[in-house]
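Beneath this line is the structure, given in structure tokens, with notes to follow.
The values are calculated or read from the model by the stated rules, or taken from the named source; none is laboratory data. Values in this document were obtained by computation on a predicted structure and should not be read as measured data. No Cβ is skipped: glycine too gets one built from the backbone with ideal geometry, and neighbour counts run over all protein chains shown. Calculation scope for accessible area: heavy atoms of the full protein, side chains included, ligands and nucleic acids excluded. Shrake-Rupley method; radii C 1.70, N 1.55, O 1.52, S 1.80 Å.
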Amino acid sequence: MSSHDTHCVQSRIWQVIGYKNAGKTTLITKLVQELRERGYTTAVIKHDGHNHFDIDHPNTDSGKYSEAGAEAVAVISDTRHAVIEKRSASLEDIIKRFSVYDYILVEGFKNAAYPKLLMVREQEDLALLQLEQVRAVIAAESEWLDKEQLPESAACYNRDDVTGIANFMIRCGVQ
């Protein structure tokens, strides 16, 4: 185990955190592809702090059921399904529901207690190091990043090193 592995915890759940436009979605998309190529299944949970998302569109059957007052609607086909419920769910509830997947990647939920990959673009973003369980810092351009500012327990990767980040997650994860 190298010195960069000292911060590893046994986890299949990884949060990708950072400020707006830090590249969280892009990194998660690339990690999903990388992990899939290696034979792992993944699930992604995204926090929408602004209640912007809408998946039961008005002109669909599911939208009509929802508009009529159904509290929950499920759409099931031979290859996928969706469940829409008009109630909040906790991160833990969804993680339990997704427990069949090898890796669960969580975008946001900064204060949750899971290992975190912190996306940084500039010096000010390092303020998020105060959050619990930051295991790695992922930088857009790591030239400005002074390793002395990082806790010894945090690894550091360039955001383009998706292979390295996935290797890190796998080393830390439950095999």
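Data overview
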quantity	calculated
Expected 222 nm ellipticity per residue - DSSP helices of 4 or more, -39500 (n - 2.57), all of the chain, to 500	-6500 deg cm²/dmol
Amide hydrogen neighbours beyond the local backbone of residue 44, cut-off 5 Å, H modeled	105
Cβ crowding within 10 Å averaged over residues, with 61-73, 77-89, 29-41, 154-166 ranked highest first	154-166, 29-41, 61-73, 77-89
Residue among 100, 69, 79 farthest towards the positive dipole end of segment 69-160, charges placed on Cβ	69
Accessible area per residue in Å² at 1.4 Å probe, computed on segment 57-175	59 Å²
Surface share of carbon and sulfur [accessible, 1.4 angstrom probe, percent] for the chain	49 percent
